[in-house]
Amino acid sequence: MVAKYEPIYLLFEDAAVKWKWTESELFRFRRMWEDGADLSELTKAFKTNRRSIALVVMDQAEQGFIEQRRFGLFGK
């Protein structure tokens with residue numbers, strides 16, 4: 001049970017995260033993922049940061065749109 005006035009930690013509260021992705025961006029992301037693009041290539045292609053790419057990877061994997069890769073975010 002949480003104490004009545006216990007401080008709460010909010011994940012990514014002050015973090016810069018790309019929360020909104022268009023369908024065309026997601027399609028492009030999936031294609032690049034399947035082609036083995038690494039984290040650096042993905043951040044440059046979508047003009048965002050590593051945190052945002054890691055989150056979209058988790059989201060797309062959870063929904064079954066992408067498969068786990070041998071080297072994960074590091075690509076081929």
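How long are the semi-axes of the ellipsoid equivalent to the chain, from square roots of 5 times the Cα gyration tensor eigenvalues, in whole Å, largest first?
On the way: eigenvalues 166, 39, 29 Å².
After diagonalising the Cα gyration tensor, the semi-axes are 29, 14, 12 Å.
Tally Lys and Arg at +1 and Asp and Glu at -1 over the other residues with C-beta under 13 Å from the C-beta of TRP21: what net charge comes out?
Values: positive: LYS18, LYS20, ARG28, ARG30, LYS47; negative: GLU23, GLU25, ASP59.
Once all neighbours under 13 Å are counted, the net charge is +2.
What distance in nm separates the simple spin-label points at PHE74 and ASN49, each placed 7 Å from Cα in the Cβ direction?
Placing both labels 7 Å along Cα→Cβ, they lie 2.3 nm apart.
Do the sum for the chain: with -39,500 (n - 2.57) for every DSSP H run of n ≥ 4, divided by all residues, what is the mean residue ellipticity at 222 nm, to the nearest 500 deg cm²/dmol? Could the numbers behind the result be given before it?
Working: 3 runs with 32 residues, N = 76.
Helices in the chain give a 222 nm mean residue ellipticity of -12500 deg cm²/dmol.
Run the numbers for ASP59 and LEU11: contour at 0.36 nm per residue of separation, minus the present Cα-Cα distance, in nm. Mind showing how you got there, number by number?
On the way: separation 48, 0.36 × 48 = 17.28 nm, distance 1.61 nm.
Answer, rounded to one decimal: 15.7 nm.
Leaving out same-chain residues fewer than 8 places away, which lysines sit with a Cα under 26 Å from that of LYS47?
Filter leaves LYS18, LYS20, LYS76.
Coordinate-derived values only; no laboratory data. Computed from a predicted model, the values in this text were never measured in an experiment. As a convention, Cβ positions derive from the backbone with ideal geometry for all residues, glycine included, and neighbour counts pool all protein chains shown.
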